[in-house]
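S.K.: Shown below is the structure under consideration.
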There are 4 protein chains.
Amino acid sequence: MVIVMRAHATPEELEAVKRRVEELGFRSHISTGSERTIIGVIGDERPVDPEVFEVVPGVERVVRILKPFRLASREFHPDDRVIELPGGARLGGGAVTVLAGPCAVESREQLEATAEVVSAAGVKVLRGGAFKPRTSPYSFQGLGEKGLILLREVADHHGMAVITEVVTPEDVPLVASYADILQIGARNMANYSLLQAAGAVSKPVLLKRGLGSTIDELIQAGEYILSNGNDQVALCERGIRTFETATRFTLDINAIPVLKGLTSLPVVVDPSHATGQATLVKPVALAGVAAGADGLIVEVHPNPAAALSDGPQSLTPPQFFDMMRDVRKVAEAVGRQVG
Amino acid sequence: MVIVMRAHATPEELEAVKRRVEELGFRSHISTGSERTIIGVIGDERPVDPEVFEVVPGVERVVRILKPFRLASREFHPDDRVIELPGGARLGGGAVTVLAGPCAVESREQLEATAEVVSAAGVKVLRGGAFKPRTSPYSFQGLGEKGLILLREVADHHGMAVITEVVTPEDVPLVASYADILQIGARNMANYSLLQAAGAVSKPVLLKRGLGSTIDELIQAGEYILSNGNDQVALCERGIRTFETATRFTLDINAIPVLKGLTSLPVVVDPSHATGQATLVKPVALAGVAAGADGLIVEVHPNPAAALSDGPQSLTPPQFFDMMRDVRKVAEAVGRQVG
Amino acid sequence: MVIVMRAHATPEELEAVKRRVEELGFRSHISTGSERTIIGVIGDERPVDPEVFEVVPGVERVVRILKPFRLASREFHPDDRVIELPGGARLGGGAVTVLAGPCAVESREQLEATAEVVSAAGVKVLRGGAFKPRTSPYSFQGLGEKGLILLREVADHHGMAVITEVVTPEDVPLVASYADILQIGARNMANYSLLQAAGAVSKPVLLKRGLGSTIDELIQAGEYILSNGNDQVALCERGIRTFETATRFTLDINAIPVLKGLTSLPVVVDPSHATGQATLVKPVALAGVAAGADGLIVEVHPNPAAALSDGPQSLTPPQFFDMMRDVRKVAEAVGRQVG
Amino acid sequence: MVIVMRAHATPEELEAVKRRVEELGFRSHISTGSERTIIGVIGDERPVDPEVFEVVPGVERVVRILKPFRLASREFHPDDRVIELPGGARLGGGAVTVLAGPCAVESREQLEATAEVVSAAGVKVLRGGAFKPRTSPYSFQGLGEKGLILLREVADHHGMAVITEVVTPEDVPLVASYADILQIGARNMANYSLLQAAGAVSKPVLLKRGLGSTIDELIQAGEYILSNGNDQVALCERGIRTFETATRFTLDINAIPVLKGLTSLPVVVDPSHATGQATLVKPVALAGVAAGADGLIVEVHPNPAAALSDGPQSLTPPQFFDMMRDVRKVAEAVGRQVG
């Protein structure tokens, strides 16, 4: 860190800051400029919150030099981390992997019809929600464990892996007993109890970016899972809240190459939630692949008009086949294969 | 709701929409304009998600007419809801109530020293975190139940009520057994499992706005608690994420009168988190009172420079006394009393 | 428009609204629901501001049914508008056109070196700023007319067209006398005097989205130019202001297909300003092409380390050749050619 | 500035950065940490853009130590700057000054009626727009010079000063010949040609914050005017663009004390534009005063329902008298007088 002193900080204040730096086990390095004195803090600053120094009298502000995460960083783990999934799919390591299925599991018929479609299009991971976080208490909240059972049975029937969301720490073991990947949704990205619980199981976790969370916070949330012992974490950009109202959220496409640079974790794009409109899913999915994403997670429904949730952003089977055809072409254009 | 058809929607599409409206138990009312046909949906639209119609072919978009909440609305409950607390404080009903204490409970000495200060300044509700949601897994995470015990003992010693945060559904009964108000933090505003658990106890809940959440979503989160049977809910504006980086968050001061108009729930302002800087706490607290807030929740620490969290935004005892003096003056200027 | 009356609006208030609707030349259509009465306003609402009705007592809110623009809309002009440029480039109509050059014109040598590179890579439109809007009054402000002369001479030497920015209405004729396309920058998107001046010349205009402006406002700004008589307008997504600070701005990739749907104007992406970092330019440029952009505008400098502005986001010649190679591949993958 | 080198920067890269620092007239100070080397740049960094160093190979990022403005800063000019106006009003120096009038000048009758009301309420500065920047080309664009003449005549009749907006550099002398304060609107905050023109006249300027502009950018825009020779500048917070849609903009109340700390320029709050709704104007105006604003600029109309622009946010005369009464009370509560 670099500590910037106020314009007229006294020698005593400077001395007190220096003492605090050393109390915390760092060395200090003072540089006196024309208008400000700055103090370099030498040592591993990651576990220290800048506010420890900001609060000392005479300090104007504190600037981090290192990113506040370590295990998730590319510096710590230079090679891409790869998550191998049953059924032959993998996240990271060069392939573009598509995870697809309905927003919510509604019935065996609906799930079976969807699995047949996405499997025929080459998809090896079936998504579907059994526990649904809904903005309104009056909306459909999911089938719970019954949904998990359906997901497992239908996926097994097609030789697919299962990804499904978990919304509370106490459900983690239950969901982990059915799913091949746990999904942590945007609204729970900073639910640290849930992150810790997900860090304690041996199943991979797909962690979605909170809609008001920065890239650094997303990686720190991933660090919670990694630092609890689970090293299979993938990150998902699914759109952030901005002032634009033409779409439900704004996909932060810049985040794809930024995340690929800062971490070695696989990065997935969710064009369905990021746009909220089926007609926008394909162009935004293609953009995600072109920008370097390792995967896409896409909502598909055999009959969106009858969907119990997220109908407007769900692709019909023909729309999904069309998207997959172009995803393959763009993936090849950037030297990758749909895995 | 009003359903707007696309420019060249066919009569068959119009008919299908009409059918869907009636299937869901509503009446429809068609109005044919020069460029668009619109369909009025007549009946209580609140439990219905607009996407049910958005997904029908030929529909351009769907506009809600009613707000998506009922129990929390001022239309449903025209009079201010008032929450009475042990120790004589209350939220709502005209008073301006200050809740104050350290960010985190660190030790009996720290808590006792803070309680003495805030109590002397007229505060009847002691705040303090025992379970701390922290962005970094390497930060201090709170004392847990030991912190709850300290809070209860110190508050009882001063005849104060206790407010403290709960971060996971399974901890709700434990926290409710020590606290007089449960606090649900910004990062958990859309943690629906937690909202439901908080709806099942008989203690009041202070629900903070998510940093990327709209006013409507905050009220809907309150509706989760209300609709689960707990009618003692207060809402807290604590700053939202915007592009401005001079302060940690941006306090949405407009939200105070908007919330007071849309709901009858008490509204509290948190100037500490909204600014992140002790020098900004007083002017922003005064602004909150002037705009009509029913309460303030403020971080105070006997020695911010030694605080384990949120030091930079914690007031020292003299700063807190100074703020309280002016809070009283501004409250009187707008016809209210600090309660 | 649809006018929503308050819950307890009186018959007199309803009557007054109806009268106001008719005074303004519309017909009204009243629909009485269970909790609200709504009034459909029948006629062309585009020239009318909703506030004309919002202000009438008893009105809760007013919802637009039609978009507030006409000439720019795809409904008005269903086919793609195509802008033909000297030197053989065109914007719109299927090709992907790259506009490239330095941020600011600094010298003949710098401009000539850049033009040689981008021309060799197949680029037919040279960009370069002579009038530079800079955040700080102490930054380099551009060469002015001398820069325009250099641009024209160097472009002519390579058989290229010229695009350059104009920042004030009185300079429009001067800039139009040298340039083939006028660029209006993000900071001037809502400078209506400038838009009107640009509407009065016969040169095409590339209009950049304001960093705090919605998609609808961008199209309305384009409508200003169109409605002043200039029908050659292209729109540019160059990143918006969000809470994310890892990049200079956030490219709104969703905006590409949204704009292509709402308007028939060509859409250009600026990956240089949207990211602010040279290493992010290529992935974001590819994303723009994959999402359907008609063009890219990219900053290139023979020696970014010596650039007088925007060095960090300028591509070196090798980086630019590399980007162009992949732009061609992705364009082909989505069925288009780099023109 | 502090230059942070990449993790594995070479000695040659470090040397090149050092050379660049010295070429630009600074001294350098190298500090070698455990994971990064940082270089302190010693000298007045204000006129230098950090990108000059960011672009040098091996540099990870550059951190400003000083704010990018000087003349506007409180360090440069520690005492409050005070703007004295004809008619006895002043901005800055302890008073709370209210500027009020219609959004747009529509007619002598409308303006006269408004001036009578606001003058009776103690207001000494009449606002009114003659040149109106409107989002839609089809909206009322103002009366132009005819409006200026009306403003001057009506204000003189009541012994008031005039504030009115100027939208293009060439109109600055004209507007300055009628007005006592020039207003530069949010949409023109970064219209640098206009700022320079406003810097060349001897009338005070009220500069509004751009809706997507940071506090630092607002102050830098003020610095444009100051550095062109006009030292009478006041800044205005009028709401920024955020994701919240319940109000037209989000007033950044934190900005008031932040601006008062960073600069010595007077700070004005515009509750009318910040909220867009008449019922919210009073609570937000009171909040602005409580937070330390030196003035308020408020829209008033004798008959908002007939206003040609901004009717929904205009106060009626009784609403304005009511607001003024409470503004006086809150001003007194914070030790100030309405001037």
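S.K.: Has the stretch C:284-294 got any residue that is within 26 Å of A:Lys260 (Cα to Cα), in contact with a Ser or Thr (Cβ under 9 Å, 6 or more places away or on another chain) and free of Cβ contacts under 8 Å to residues at least 12 places away in the same chain?
M.R.: no
S.K.: Filter the stretch D:310-339 down to the residues that are open to solvent by less than 10 Å² (accessible area, probe 1.4 Å), β-branched (Val, Ile, Thr) and free of Cβ contacts under 8 Å to residues at least 60 places away in the same chain and list them by number.
M.R.: D:Val330, the sole residue that qualifies.
S.K.: Between a first residue in the stretch A:72-89 that is within 15 Å of A:Ser264 (Cβ to Cβ) and a second residue that is of a type in the set (S, T, N, Q) and part of a loop (DSSP other than H, G, I, E, B), which pairs have beta carbons less than 7 Å apart while being 6 or more apart in sequence or on different chains?
M.R.: Listed by first residue and then by second, the contacts come to A:Arg74/A:Ser264; A:His77/A:Ser264; A:Pro78/A:Ser264; A:Asp79/A:Ser264; A:Asp80/A:Ser264; A:Arg81/A:Ser264; A:Ile83/A:Gln232.
S.K.: Regarding B:Leu251, is this residue surrounded by fewer than 24 Cβ atoms within 10 Å (Cβ to Cβ) and on the phi < 0 side of the Ramachandran plot? Step through it out loud before you land on a result.
M.R.: Details: surrounded by fewer than 24 Cβ atoms within 10 Å (Cβ to Cβ): no; on the phi < 0 side of the Ramachandran plot: yes.
It is false that B:Leu251 is surrounded by fewer than 24 Cβ atoms within 10 Å (Cβ to Cβ) and on the phi < 0 side of the Ramachandran plot.
S.K.: Please work out which one of (1) facing chain C (nearest Cβ under 9 Å); (2) at pLDDT 90 or above is the condition D:Val41 fails and give its number.
M.R.: Of (1) facing chain C (nearest Cβ under 9 Å); (2) at pLDDT 90 or above, only one is false for D:Val41: (1).
S.K.: What residue, among those in the stretch D:221-244 that are part of a helix (DSSP H, G or I) and open to solvent by 10 Å² or more (accessible area, probe 1.4 Å), is nearest to the other protein chains (Cβ to nearest Cβ)? If you could, list the steps in order and put the result at the bottom.
M.R.: Going through the stretch D:221-244, the residues part of a helix (DSSP H, G or I) turn out to be D:221-227.
Then drop every residue that is not open to solvent by 10 Å² or more (accessible area, probe 1.4 Å), which leaves D:226-227.
Values: D:Leu226: 9, D:Ser227: 5 Å.
In this case the residue turns out to be D:Ser227.
S.K.: Write out, first by first residue and then by second, each pair whose Cβ atoms fall under 7 Å of each other, whose residues are 6+ apart or on separate chains, and whose first residue, in the stretch B:163-192, is within 14 Å of chain A (Cβ to nearest Cβ) while the second is in a helix (DSSP H, G or I) and of a type in the set (S, T, N, Q).
M.R.: B:Val167/A:Ser193; B:Val167/B:Asn188; B:Thr168/A:Ser193; B:Pro169/B:Ser193; B:Asn191/A:Asn188
S.K.: Now for a different question. Report the residue count in the stretch B:1-31 for those that are under 16 Å from B:Glu60 (Cβ atoms), open to solvent by less than 90 Å² (accessible area, probe 1.4 Å) and of a type outside the set (Gly, Ala, Ser).
M.R.: 13
S.K.: Checking B:Ala307 against (1) free of Cβ contacts under 8 Å to residues at least 60 places away in the same chain; (2) open to solvent by 10 Å² or more (accessible area, probe 1.4 Å): exactly one of these is not met. Which one?
M.R.: (1)
S.K.: A further question follows. Go through the stretch D:83-115 and give me each residue that's open to solvent by less than 10 Å² (accessible area, probe 1.4 Å), in contact with a Lys or Arg (Cβ under 7 Å, 6 or more places away or on another chain) and farther than 19 Å from D:Leu182 by Cβ. First the steps, then the outcome.
M.R.: Of the residues in the stretch D:83-115, the ones open to solvent by less than 10 Å² (accessible area, probe 1.4 Å) are D:83, D:89, D:91-92, D:96-105, D:111, D:114-115.
Applying the additional criterion that residues be in contact with a Lys or Arg (Cβ under 7 Å, 6 or more places away or on another chain) yields D:83, D:89, D:92, D:96-97, D:99-101, D:104.
Within the stretch D:83-115, just D:Val96 meets the criteria.
S.K.: Report whether or not A:Ala274 is closer than 21 Å to B:Thr135 by Cβ and either facing chain B (nearest Cβ under 8 Å) or modelled with pLDDT of 95 or more (or both). Spell out how you get there, then give the answer.
M.R.: Working: closer than 21 Å to B:Thr135 by Cβ: no; either facing chain B (nearest Cβ under 8 Å) or modelled with pLDDT of 95 or more (or both): yes.
No.
S.K.: Pairs, please: C-beta under 6 Å, at least 6 apart or cross-chain, first residue closer than 20 Å to A:Asp252 by Cβ and more than 8 Å from every other protein chain (Cβ to nearest Cβ) and in the stretch C:245-267, second open to solvent by less than 10 Å² (accessible area, probe 1.4 Å) and among the charged types (D, E, K, R)?
M.R.: C:Val267/C:Asp294
Residue-wise test of (1) within 30 Å of B:Lys132 (Cα to Cα); (2) more than 9 Å from every other protein chain (Cβ to nearest Cβ).
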{"residue": "B:Pro11", "(1), (2)": "no, yes"}
{"residue": "B:Val17", "(1), (2)": "no, yes"}
{"residue": "B:Thr32", "(1), (2)": "no, no"}
{"residue": "B:Thr37", "(1), (2)": "no, yes"}
{"residue": "B:Pro57", "(1), (2)": "no, no"}
{"residue": "B:Ala72", "(1), (2)": "yes, yes"}
{"residue": "B:Gly92", "(1), (2)": "yes, yes"}
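S.K.: From (1) open to solvent by 20 Å² or more (accessible area, probe 1.4 Å); (2) within 18 Å of B:His273 (Cβ to Cβ); (3) among the small types (Gly, Ala, Ser), pick out the condition that doesn't hold for B:Ala186.
M.R.: (1)
S.K.: Could you tell me whether the stretch B:61-71 includes any residue that is out of contact with any helix residue (DSSP H, G or I) (no Cβ under 8 Å at 6 or more places or on another chain), modelled with pLDDT under 95 and open to solvent by 50 Å² or more (accessible area, probe 1.4 Å)?
M.R.: First pass over the stretch B:61-71, keeping only residues out of contact with any helix residue (DSSP H, G or I) (no Cβ under 8 Å at 6 or more places or on another chain): B:63-66.
Filter again for modelled with pLDDT under 95, leaving B:63-66.
Adding the requirement that they be open to solvent by 50 Å² or more (accessible area, probe 1.4 Å) leaves B:64.
Yes, the stretch B:61-71 has at least one match.
S.K.: Let me ask another. Would you call B:Gly210 in contact with a helix residue (DSSP H, G or I) (Cβ under 6 Å, 6 or more places away or on another chain), in contact (Cβ under 8 Å) with a residue 12 or more places away in the chain and at negative phi? Spell out how you get there, then give the answer.
M.R.: Values: in contact with a helix residue (DSSP H, G or I) (Cβ under 6 Å, 6 or more places away or on another chain): yes; in contact (Cβ under 8 Å) with a residue 12 or more places away in the chain: yes; at negative phi: yes.
Spelling it out, B:Gly210 is indeed in contact with a helix residue (DSSP H, G or I) (Cβ under 6 Å, 6 or more places away or on another chain), in contact (Cβ under 8 Å) with a residue 12 or more places away in the chain and at negative phi.
S.K.: Just the residues that are among the small types (Gly, Ala, Ser), farther than 19 Å from B:Ser264 by Cβ and within 7 Å of chain D (Cβ to nearest Cβ), please, taken from the stretch B:277-295. Let's see the steps before the verdict.
M.R.: Going residue by residue through the stretch B:277-295, those that are among the small types (Gly, Ala, Ser) are B:278, B:285, B:287-288, B:290-293, B:295.
The next check asks that each one be farther than 19 Å from B:Ser264 by Cβ; those that pass are B:278, B:285, B:287, B:290.
Matches in the stretch B:277-295: B:Ala287, B:Ala290.
S.K.: Could you say which residue among D:Leu218, D:Leu207, D:Leu211 is in a helix (DSSP H, G or I) and either open to solvent by 10 Å² or more (accessible area, probe 1.4 Å) or modelled with pLDDT of 95 or more (or both)? So that I can check it myself, show each step before the final result.
M.R.: On the way: D:Leu207 fails: in a helix (DSSP H, G or I); D:Leu211 fails: in a helix (DSSP H, G or I).
Checking each option against the conditions leaves just D:Leu218.
S.K.: Something else now. May I ask you to list the residues in the stretch C:300-313 that are assigned to a loop (DSSP other than H, G, I, E, B) and more than 8 Å from chain D (Cβ to nearest Cβ)? Reasoning before the result, please.
M.R.: Step one: list which residues in the stretch C:300-313 are assigned to a loop (DSSP other than H, G, I, E, B), which gives C:301-303, C:307-310.
Listed by number, the residues that qualify are C:His301, C:Pro302, C:Asn303, C:Leu308.
S.K.: Please determine whether any residue of the stretch D:278-292 is under 14 Å from the mean Cα position of the chain (by Cα) and open to solvent by 10 Å² or more (accessible area, probe 1.4 Å).
M.R.: no
S.K.: Can you name the condition, by its number, that B:Asp80 falls short on among (1) within 13 Å of chain A (Cβ to nearest Cβ); (2) under 30 Å from B:Arg328 (Cα atoms); (3) open to solvent by 10 Å² or more (accessible area, probe 1.4 Å)?
M.R.: Among (1) within 13 Å of chain A (Cβ to nearest Cβ); (2) under 30 Å from B:Arg328 (Cα atoms); (3) open to solvent by 10 Å² or more (accessible area, probe 1.4 Å), the lone unmet condition for B:Asp80 is (1).
S.K.: Name the residue that is farthest from B:Leu259 (Cα to Cα), counting only residues in the stretch B:314-325 that are assigned to a helix (DSSP H, G or I) and in contact with a helix residue (DSSP H, G or I) (Cβ under 6 Å, 6 or more places away or on another chain). Walk me through how you get there before you give the answer.
M.R.: Pass one, the stretch B:314-325, residues assigned to a helix (DSSP H, G or I): B:317-325.
In the following step, the residues that additionally are in contact with a helix residue (DSSP H, G or I) (Cβ under 6 Å, 6 or more places away or on another chain) were identified as B:317, B:323.
Values: B:Pro317: 31, B:Met323: 24 Å.
The selected residue is B:Pro317.
The values are calculated or read from the model by the stated rules, or taken from the named source; none is laboratory data. Since the model is a prediction, treat every value here as computed from it, not as a measurement. Positions of Cβ are backbone-derived with ideal geometry, glycine not excepted, and every protein chain shown enters the neighbour counts. Calculation scope for accessible area: heavy atoms of the full protein, side chains included, ligands and nucleic acids excluded. Shrake-Rupley method; radii C 1.70, N 1.55, O 1.52, S 1.80 Å.
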